[in-house]
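The values are calculated or read from the model by the stated rules, or taken from the named source; none is laboratory data. Not measured: the values here are computed from a predicted model. For neighbour counting, all protein chains shown are included, and Cβ atoms are generated from backbone atoms with ideal geometry for every residue, glycine included. Ligands, DNA and RNA are stripped out before the accessible areas are found, and what is left, the full protein with its side chains, is counted by its heavy atoms. Shrake-Rupley method; radii C 1.70, N 1.55, O 1.52, S 1.80 Å.
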Amino acid sequence: MGRVGVGVAVFVAVVTCAVAGVVVGRRARKRREWKRVVRVVKEVEEECEMKVERVRKVVDAMVVEMHAGLASEGGSKLKMLLTYVHHIHLPIGSEKGTYYALHLGGTNFRVLRVRLGGEQSSVLEHEVEQQPIPQHLRTGTSEDLFDFIASSLREFIEKEGDGSELSLDRRRELGFTFSFPVKQMSVSSGILITLTEEFSIEDMVGRDVPACLQEALTRKGLDMRVSALVNDIVGTIALGHYHDADTVAAIIIGTGTNACYLERIDAIVKCQGLPTTSGYMVVNMEWENFWSSHLPRTLYDIDLVAESPNPDQGFEKMISGMYLGDIARRIIVKMSLVSDIFGPISFKLSMPFILSTPMIAAMHEDDSPDLKEVARIFEDILEIHDLPLKARKLVVKVCDVVTRRAARLVAAGIVGILKKIGRDGSSGITGGRRSDAKMKRTVVAIEGDLYSSYTLFREYLHEALNEILGEDIAKHVILKVTEDGSGIGAALLAASHSSYNTNNNNNNNVDSVQLL
C-alpha cells in the first residue's frame, strides 16, 4: 500500500473514531438527561407520597381545625360557617308540590322549577333555564340587577301553562343559591360581604341579599317567597338527604371543592345563645382553606399558590379539578428543562392552565399499547410532536402521582368529618376500633366531575378510605353521587322550609335525629 493509501486509511480511521466518539458522547448525554428526567418524577413521587400513617395525621389535623373553627370566628383556617339549616328541616322525600330555585354565581344565572311527588323521594320533573347577566347590570345598582332577575323569573313562571299543580291561593316558594361570600343571619337572610371581580355593585355590599331579591319580586308582582338562602354545598347535602335519610355530610369535588356536615348544636361553641329548632345544624366548612404541615406540599404547589389571586386556598389547589392539570403541567415543564426529551421547549407548555384536568384524566386512563391519547394531547394542545413512548409513560406517571395524592387528601378530609362526629369507628375507643356491629350506616353525598367522571381518582379515593378506616368500618360508609345540588337542592330546601311541608318534616325527622 502506498503512502496515499495509508494516509486515506488513517484519515478514515480517524473520522470513524471521531464519529463513533460523537455517537457515544451523544448517547451518554442522552442517558444522563434521561436519568435527570426520571429523577424529577421520582422526587415528585416521593414528595407526594401519602402512606396511611401520614394520611391519619392529616385526618387528625382536620379534626383539630374543625374544633377551633366551631369555637370562635377566625379561630381556624376552616371558617365553619353556620347555615341555620337544621336537621329537622332537611328534605326527607315526602315533600310534595312545585318549588323554584334561583342560582346566581357568576355572569349567568339559572332558574329552575321542580315538581315533587311526595313519595319515595320522587322528583317528578324539573325544568331549567339559564340566562346571561348583561354587562351594564354587573356594574349598576342592586335594584337594577334584581329587577332584571325578577322579570326573568316572572317570564319563566308564565311559561308554566295549565299543567302546573300549584294552587291559586298558594304562594310560590323559592330557594336562592347565592355563590358569593355572605354572613348568614338566618336560613333566609344573609349580609353580602363582597362581590367578585365580575361584579362591581357598591350598594349591594352590606345588604341582606334575599331581602333585595324579595323586594324586586314584589315590585314585579310575583307572589313568591325567598324561603331559603343556601350555597352549593348546602344544596348538595339537602339533595343527598332527600334521597337517603342517612346522609350526614356532603362533598363537592369538581372544579372547586367544599364540604359540609351535620354538627351537634352543643358542639358549636360560637353559636351558643342563638335560638335553635333542633339538636343538629348543617355547618359549611369552607374546607378549601384548610392547611396543615402534614400536607405533602411540593415546590410546584408553592409556586402555584404564589401566583394565585387567592393564596389562602392551599388545600383546594392540591385536590380540585381547577388545579390538578396545572400542577402536572408545571412538573412537565421541569422535565423539559433538564432534557430535550420533549424536543424544543414549546411555548404552549409555558401557558398556565393549558392542560385541564379532563386532559390529565384522559392521559392517565389511556390504556392503548402506544399511549395514543397522550401523544394526541401533546400534539394538539401543546404542539409537541413525535413524543417518544418512554416519555409518554413518564407523563402518565406524573398524572398518576398528582391524582393519587389528591384522592388520598380528599379521603383524609372525609374521614376527618367522620371522626369529628364519631362515625369513623373509633369514637370512645382507646387503642382499638369499635365493633363492626355497632357501626351505623353513614352516607356522604358527593358531587363533581372529578369524582363522577374520573375513574382512577374515584378508585384511589375508595382505596384510601379502606386503608384509613379498615374494610370492616369502611363498608358502612357510602359515597352517593348527587347532581345539581345548587339547583335541585335549593328547590328542595325551599320545599322543606315551606309552611306547607314544615309540620310533616318535623314529625318525620324526630326519629332520625336519634341516629346521629
Collect the residues in region 111-126 that are of a type outside the set (A, V, I, L, M), open to solvent by 40 Å² or more (accessible area, probe 1.4 Å) and either touching a residue at least 60 places away in the same chain (Cβ under 8 Å) or within 26 Å of residue 215 (Cβ to Cβ) (or both), keeping them in residue-number order.
126
Restricting the search to region 135-149, which residues are without any contact (Cβ under 8 Å) to a residue 40 or more places away in the chain and open to solvent by less than 40 Å² (accessible area, probe 1.4 Å)?
137
Determine, yes or no, whether residue 86 is touching a Phe, Trp or Tyr at 6+ places or on another chain (Cβ under 7 Å) and in contact (Cβ under 8 Å) with a residue 24 or more places away in the chain.
yes
Which residues, counting only those in region 335-348, are under 16 Å from residue 41 (Cβ atoms) and either open to solvent by less than 90 Å² (accessible area, probe 1.4 Å) or modelled with pLDDT of 95 or more (or both)?
335, 336, 338, 339, 341, 342
Exactly one condition in (1) closer than 30 Å to residue 248 by Cα; (2) assigned to a loop (DSSP other than H, G, I, E, B) is false for residue 345; which is it?
(1)
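Which one is farthest from residue 137 (Cα to Cα) among residues in region 169-192 that are in a loop (DSSP other than H, G, I, E, B) and within 22 Å of the chain's Cα centre (by Cα)?
In this case the residue turns out to be 181.
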Being farther than 14 Å from residue 492 by Cα and either in a loop (DSSP other than H, G, I, E, B) or touching a Cys at 6+ places or on another chain (Cβ under 8 Å) (or both) is the filter here; which residues of region 84-118 pass it?
105, 106, 107
When residue 305 is evaluated against the numbered criteria (1) in a loop (DSSP other than H, G, I, E, B); (2) over 20 Å from residue 395 (Cβ atoms); (3) open to solvent by less than 40 Å² (accessible area, probe 1.4 Å); (4) hydrophobic (A, V, I, L, M, F, W, C), which criterion, by number, is the only one it fails?
(1)
What are the residue pairs meeting all of these: first residue in region 200-222, first residue in contact (Cβ under 8 Å) with a residue 40 or more places away in the chain, second residue open to solvent by less than 70 Å² (accessible area, probe 1.4 Å) and among the β-branched types (Val, Ile, Thr), Cβ atoms under 8 Å, and 6 or more apart or on different chains?
201/141; 203/141; 207/191; 213/149; 213/226; 216/149; 217/226; 222/157
Conditions (1) under 30 Å from residue 403 (Cα atoms); (2) open to solvent by 20 Å² or more (accessible area, probe 1.4 Å); (3) touching a residue at least 40 places away in the same chain (Cβ under 8 Å); (4) not in a loop (DSSP other than H, G, I, E, B) -> residue 77 fails only (4)
Out of everything in region 384-402 that is within 24 Å of the chain's Cα centre (by Cα) and in contact (Cβ under 8 Å) with a residue 60 or more places away in the chain, what residue ends up being surrounded by the fewest Cβ atoms within 10 Å (Cβ to Cβ)?
397
